[in-house]
Each structure stands twice: as C-alpha cells, then as structure tokens.
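Novice: This is the structure, below, for whatever I ask next.
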Amino acid sequence: AQGADLQVRDASGTLAYDLGDTTFKALACQLWGLVPDLFADPEVWFDYWDAQQEKHGHLTPQVLVPALAAVYEVGDLGKQWIETYVNTHYRELAALDAHALLTKQAFLGQNGLLEALQSSEEFISLRQQESSHGALPAIFRTEGRKKATAADMEAVAVFRKNLEALRSKHGWMPGKPPPEKARLLSVRAPFAGGSSDSDARMKAAREMLAWSFAKTTARQGSEWLDGFKIEFQGGQDAGIDEGGLTKAWVTEIAFALWGDETFFDTKDSGSFFKSDETTDLLLHAFKVKSDSLYRWVGRFLAYAVYQNCVLDCRLSPWALRWLFRVAESQRAVAPAIVHLGGEWQRPSGDRVATIAGNVLLSHNPGADLPLEIPLYLAANGKVTADFEGESLTAEFRSNGELHWSDGDVWVRCPGAHVPKMAALPTWPPNAFGDDQLLEDMATMDPSMANSFWRVAHEMPEDELQWLTFSYAGKELEPGGEDLDVDASNRARYVRLCCKASLLFQAQKGLQAFSDGFFDVLPEELAKEAPADIFQWLLVGQDEISQEELNALEEIVLRDGLVPKNLSTREEVVNEAKWVFEVARESNGSFRSRLFEFWTGSSRLPLGGATSIEPKPRLQIMVQAERQAPVYVWEVQVPGGWKQLDPNLGKDLSDLREKDERGFEYQMGQTRLAIDFVNMMQINKSTGARARVRQRQVQVQAENKRPALKRIDAWPQGRLPEGHTCGNELWIPLCETKEELSRLLNTAVMNFEAGFALA
C-alpha cells in the first residue's frame, strides 16, 4: 500500500474505495488511518472498531465509547455523557443478542443499535448542545421500567426453570390443585362489587390483609414454600382454592398494601418504605411493628413469584432491584463475616454499629448518617476493620460476644432481629461503579439521577459553590453543612447523596423486606439473573396489545379449544375467533378485565400471552347431537345369522319398545310369529322354532358428521364464566358475534357482582 493513492479513480470516476468489498474497505481504513462513516458504511464501521480490540466479534463498552464519540465529534463532556450512557444502557444497546454482547447482528439487525442511533434525538443533539454550552440530554428516563432484552429473557428462562424445580420439590405442579401439605388459609372474602366502590373494596382488602398477616407472620420460609390453600369466608367466592383464589388473594392484598399511603410513602417512581423513624403501623384495628410488616411483605411478594402471580405492585423499582443487589452483595461476603450480620451494642447498652455484609455501619450519636467502614479478612483469616487509620481485628466467641483487638466488647442488641440476608449493596469505587450507582438512583428518581450526573460532570464551579455536604436536611458526613462542594470532592458528594437516598432513608424497612423475601426464595435463584428480574416477574405487562391478542388467539386455536373432539368444527372455530375480534374492537379496560376474568390477572406475565401457565383454554359449551340408535333383526340359520327385512326390523323394534309380547307376520305362503319374551321365531304351520336377536349397528352416512347442540345447562343466553384455576373461559354457543359481544361485555365488566371467578 506504500505510495498508493486512496483518491485515485477509474475511467468512470469511481473511487477504488467504493469498488471494494467490506473487507477491503475495512483494510483500507486501517492502512490509511481513516475512520469509516457509521451511517454510510455501517458494516465497515463495525469491522474497523472491532479490529481495534483484536476482533472479538462484538464491540465492548471500552471500544463503543470512543467509537460513538468519534461519530458524533464530541468533546470531553460529550464523551463522558456517552461513557455513562454506554455503561448504564449496554444491555439495551445489545438488546438483540442472547448473551448481551453488541455483535454485528445486534448492531445491524432489525431494531438493532444502528436503527436506534439513526432516530435517536439524544445522540443527534448531543454535539450541538455541548458546543452551545446547553444542558446535555437526560441520560436516565425509564430506569426500572426497561424492557427485557434477548439476554434478559434467556436469564429469566433459567430462573423460571429453577423455580419450577423448587415448586416441584414441594409438590406444586402447573395447573394442578395444591399439594396435600399446603396449609388452609381462611381469610375475609374480597368486596363483591370490586372496583365499583373503592372505599368498600379497601375495607375488605385491609381486613383480608390483617387476617393473612396474623395467620402467616410466624410461618417460616419453608412453610411458605409448602404453600397455602386460600379459602374466602363471607363472600360469593367461598370455596377451596385450586389456583384461582390465590390469584384473587394476591390481587386484593396488593390493593390493601399500595392503594393509599397507610403503609408506604409515595415517591415519583412508586411506593417506598416509611422512614426508620416510623416504628409502628396501624393494620386494620391493631398496631404492628413496621419491620415486621415489611418482612411479611417480602415473604408475600416472594410467594407471588413462587406461584407465578403477576400483580399491581406499586413499589418503587429500586425496592425490587434492591433485592437483586442484596443477593449480589451477599454472595461476596466471606463465611466468617456472614454470621456477624445484625445490630450490636456494648454491654452497657450503648448501640455501636450494624454489620451489613462487608460493611460495618458505625452509629455516631452526633451524625445524621452512619459511617461506612469496610470489613475484610486479613491475611491471617481474621475479620478486620480500619477505624480512623487503625486496623482492628475481631473475634466472635461462643458466648455470642464480639471481641475487638483494642479490648472493646460488643454484644447483640436484645430483641433485635438477626437477618439472614444482611449484606448492604456496594458499588465499585471507579467510574463504572459511579455510573451503576446513578443508574440505581434513577430507579428511585430519574430526574434526581440526571441532576446528580450534572453535578458530577457538567456543573461549573460557580454553581457548585452553592452546595454543601448535606442532603434532604441531613449531613452526609460530620460537619457536612460547613463543607462546600467543589471540583475535587464532587464525585464523593454525589456518591454520598445517592447512598443516603437509596440505603439510609428507610434502611430498616429495606433490610426487613429483603430478609423476608429471601426467607422464602433462596438467593441462589437470582444468581446470573438481570437486575430487574423481580420487577418484571411481579409486575409483568399492563398493556394488552393487538399483538398479544394475536398471540393468544394462535395458542387457543392451535391447542386450547375445548371440546377437543369438536375443536375443528366450523361453528366452534368461528365462535373462538369472535372472542378475539370482540377484544380487538374493545378498549384497553375491557381487555384487562377479560384477561382477569379468564386468567385471574389483568396483567400479562413477562414474555406476554405465550408465557401464561397453564396455557389458556376456551371452552365452547356444545356437544355432538346423539344419533338415535339403529337396530337390525336377525334370525339364526344353519351356519350363522340372517338379517330380516329392514322395514320388518323397524316394526319389530317399535313393538318391542312398547313392551309388546309378540308379533305375527306373513312371509310369502308362510305365517310366522315373533316371541319377544323368549326371542324366538315360530313357524305357525310347522311349529319350527329359530332364535332371533336384535343388534345395534353403527350407521353413518359417508362424510357426514353429527350435528352440534348446546349443552342443556348452557342455553344460548347464559353468561360466560371464567375459571381462573385452569385459565379457562367457558362461553355458550351463540348465533352471531353481536350476541357473543353482548354476553361477554356483561360478564366481563361485572364479574365481581356474582359472575364466575373460580
């Protein structure tokens, strides 16, 4: 290539570069030090940047950041924006790849990164806003409400497989009644009028919650895994649970918990635990400790995951991501430190610290927030902590005391709960950890996370001077009110603010919540899972789109029509199609109600209609018309039986049906008689006798199927029924789509008032 001219053209004026294939263009870019144009030659662009990292076959975050910075020609601030965006959105950028890698397919494929960049207003405006010194685009918008990527769905499938194995171990089978060892849980029935009277529904739901809490709060996690058979008392849905009542119970408990601010505060992103200053909550008619209720809520939501229930969980996405972060941190705690988790005091009664995994939270009476001190194992295997520059080791003794090398002795706080999952989430002390912390902050408050990013990277010195090391009225560290934020400490300030919001405004509530959750579900289930798995599994999808209706229709028509032996009949197939036509022509409210009527939940699970278990079934209440039996009459002759004339046989059958004793008839010159009592034929002239018999035969015209008829108990005007235990919808055979639509709307929009939800 030495001495070659890249700008040389052929006789037609075409550049040599343009005549080459993808490999040639990538090689030419390397040799001449050119960067390909992303939008003109996207494949060459990908290969060029892949070559910068020894051709991994995918673009890592470390290479993607300078690649995009070059495309949009941004400066240092713009590059920092891109770095944070890539660090916090890489899984989404590689959404098409099952391993969360930005491969060429994930980059170039339909709905891939290239398409996203071509229409991204954020990236398009990035350079202009940077050069004009305007505010850069918001990085965090939908944290906690992200859609699952291909890699996420692969991980969720593994989680579900392991969860199903756990259920099977305890006797739970999809679509089957609860196992024998499941305990009966008798609770107040839901308000029959449903959402027609919110106050009445809440009163009944709160009573149901109180009964449920009182009867299960002392149950260990293993007992929750054995499960419950829900029984409703005092309502129209009284009866023993086979799955449907569990779904209704979960729905009403969720309404009782998050229908107002009695138990949780409302944040921009959803409900959150009361502050640690709130120690008691009023549940129906009695007070309970807030940490006891929040521990029960953790068990309840774990049980909802265990039973594959989706619900209107209004918890802030951070509360559910917290579960993942706790499990992640717990796995990094050494066994010698794990059993130290909990609250500690001196024998004199002075509360000293809380040990939360690899973090010791020192309680200084004069400080607003606890001081975080890392715990680690020294080379000699002893638990070690650095207090104000002095390394001290700790020894846990058989009497339950913790002895420090400086002579200090700690004992557990009396009456304090010893958590099983005590690890406090931690974030790496580097740029990636800073971005991950901001992403987690965005699940609590996206606008605040964007503001903190601006403080960390964009805010000029003359604006920083107005900030001090305090947040929400509390000092972030001792003397924080008098410590100004500047360029040298802005990163530490942002970290402390995020931790104060995420970890310490409701530390006891969060700790109790995760402790209860993992008391039921083993934390190993969350290993290798995406950070938002519990959000996706619990909340599912609240929108039932045309695409989801199409998917459900395909499932039902393929293998979900009942009766099976009539599932190909035109009348049955047409009526099934009418159900989905009615749903498509209706609004979102009707669709949600239809799914609740049919499956027990107004929401779809993660993965949509194809993930509903057991698979939904649609039963058209018909049966085949029974044909009248056809008989032939036969007389015994030497060597076998001979059939009598069919017309004569019909007369004989009619007479026998009327309990006649006999019948005489003429055959040619011979007079014969049939004795119905002895089943004999008698020759009246000779007295000769021969046996006769009446035999039923199957007679069906070629290619003719029996007609359909409505089941007697299901006349034409009977309202549809939803049987949510097995995800079944029963409907009568209708003459027109309009008739079916009227019946469906009446049942679906009023089912709490007495229509079936079994």
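The values are calculated or read from the model by the stated rules, or taken from the named source; none is laboratory data. Just so you know, these numbers come straight off a predicted model, no measurement behind them. Note that we place each Cβ from the backbone using ideal geometry, even for glycine, and neighbour counts take in every protein chain shown. With ligands, DNA and RNA removed, areas are computed over all heavy atoms of the protein, side chains included. Shrake-Rupley method; radii C 1.70, N 1.55, O 1.52, S 1.80 Å.
Novice: Would you mind pulling out the separation of the Cα centroids of the stretch 195-233 and the stretch 736-752, in Å?
Specialist: 31 Å
Novice: Right, here's the next one. Return the lysines within reach of residue 289: Cα separation strictly under 17 angstrom, same-chain partners fewer than 8 residues apart disregarded; answer none if there are no such residues.
Specialist: Counting by Cα, and skipping residues close in sequence, residue 289 has these lysines nearby: 215, 274, 508.
Novice: A follow-up question, please. With a 1.4 Å probe and every protein chain kept in, tell me what percent of the accessible surface of the stretch 640-705 is carbon plus sulfur.
Specialist: Percent of accessible area from carbon and sulfur atoms in the stretch 640-705: 41.
Novice: Would you please calculate the Kirkwood hydrodynamic radius of the stretch 526-614 over all C-alpha pairs and express it in Å, rounded to one decimal?
Specialist: Numbers: mean 1/r = 0.0700 Å⁻¹.
Evaluated on the stretch 526-614, it is 14.3 Å.
Novice: Any chance you could tell me what percent of the C-alpha pair distances in the stretch 249-311 go past 18 Å?
Specialist: So the portion of pairs separated by more than 18 Å is 37 percent.
Novice: A further question follows. Tally up the carbon and sulfur contribution to the accessible surface of the stretch 40-109 as a whole percent, 1.4 Å probe, everything protein left in place. Walk me through the numbers before you get to the answer.
Specialist: Values: 1390 of 2870 Å².
On the stretch 40-109, the fraction of accessible area on carbon and sulfur atoms equals 48 percent.
Novice: Which pairs break 18 Å Cα to Cα here: 146/615; 229/615; 146/499; 176/615; 161/247?
Specialist: Flagged as over cut-off: 146/615; 229/615; 146/499; 161/247.
Novice: Using the heavy atoms of the protein chains and a 1.4 angstrom probe, tell me the accessible area per residue for the chain in square angstrom.
Specialist: Per-residue value: 48 Å².
Novice: A further question follows. For the stretch 482-579, which trypsin sites (Lys or Arg not before Pro) pass both filters: DSSP loop (anything but H, G, I, E, B) and at most 15 other C-beta atoms within 10 Å?
Specialist: 527
Novice: Now for a different question. Quote the FRET efficiency, to the nearest 0.05, computed for residue 624 versus residue 215 with a Förster distance R0 of 51 Å and r equal to the Cβ-Cβ distance.
Specialist: With R0 = 51 Å, the Cβ-Cβ based efficiency is 0.60.
Novice: Which FRET efficiency value, to the nearest 0.05, do you get for residue 399 and residue 338 by plugging their Cβ-Cβ distance into 1/(1 + (r/R0)^6) with R0 = 30 Å? Walk me through the numbers before you get to the answer.
Specialist: Working: r = 19 Å, r/R0 = 0.64.
Once the sixth-power term is evaluated, E becomes 0.95.
Novice: Roughly speaking, what is the centre-to-centre gap between the stretch 407-453 and the stretch 646-679 when only Cα atoms are used, to the nearest Å?
Specialist: 96 Å
Novice: Which of the listed residues, 707, 583, 357, is farthest toward the dipole's positive end in the chain, when Lys, Arg count +1 and Asp, Glu count -1 at the beta-carbon?
Specialist: The listed residue farthest towards the positive side: 707.
Novice: Here is a follow-up. Have a look at the DSSP beta bridges in the chain and tell me what percent are antiparallel, nearest 5. Walk me through the intermediate numbers first.
Specialist: Working: 73 of 87 bridges.
If we restrict to bridges inside the chain, about 85 percent are antiparallel.
Novice: Could you work out the percent of alpha carbon pairs in the stretch 155-271 separated by over 16 Å, rounded to a whole number?
Specialist: 66 percent
Novice: With all protein chains present, how much of the accessible area of the stretch 408-493 (probe radius 1.4 Å) comes from carbon and sulfur, to the nearest whole percent?
Specialist: 56 percent
Novice: Would you compute, for the Cα atoms of the stretch 407-510, the largest minus smallest coordinate along each principal axis and list the three values in descending order, in whole Å?
Specialist: Ordered largest first, the stretch 407-510 gives principal extents of 50, 30, 25 Å.
Novice: Any idea what % of Cα-Cα pairs in the chain are farther than 39 Å?
Specialist: 55 percent
Novice: Calculate the translational D of the stretch 666-747 in whole µm² s⁻¹ from Stokes-Einstein, where the hydrodynamic radius comes from the Kirkwood formula applied to all Cα pairs, the temperature is 25 °C and the viscosity 0.890 mPa s.
Specialist: Working: Rh = 18.6 Å.
It diffuses with D of about 132 µm²/s by this estimate.
Novice: Accessible surface of residue 675 in the full protein assembly, 1.4 angstrom probe, to the nearest 10 Å²?
Specialist: Per-residue accessible area (residue 675): approximately 30 Å².
Novice: So what's the gap between the Cα centers of the stretch 248-280 and the stretch 469-547, to the nearest angstrom?
Specialist: Between the Cα centre of the stretch 248-280 and that of the stretch 469-547, the gap is 17 Å.
Novice: Please list, by residue number, every one of the trypsin sites (Lys or Arg not before Pro) in the stretch 154-198 that is coil in DSSP and has at most 12 other beta-carbon atoms within 10 Å.
Specialist: Answer in residue order: 181.
Novice: Let me check I've understood the local charge: for residue 663, count other residues with C-beta under 11 angstrom from its C-beta, Lys and Arg +1, Asp and Glu -1. What total comes out?
Specialist: -2
Novice: By a straight-distance test (C-alpha under 26 Å), which lysines pair with residue 382 as possible cross-link partners, with residues fewer than eight away in the same chain excluded?
Specialist: Within the straight-line limit of under 26 Å, residue 382 reaches these lysines: 420.
Novice: For the stretch 604-677, with the dipole built from +1 on Lys and Arg beta-carbon atoms and -1 on Asp and Glu ones, taken about the Cα centre, which of 632, 616, 653 lies farthest toward the positive end?
Specialist: Farthest towards the positive end: 616.
Novice: Filter the trypsin sites (Lys or Arg not before Pro) in the stretch 283-338 down to the DSSP loop ones having no more than 13 other Cβ atoms within 10 Å, then list what survives.
Specialist: On the way: sites: 287, 289, 295, 299, 314, 321, 325, 331; in loops: 314, 331.
Answer in residue order: 331.
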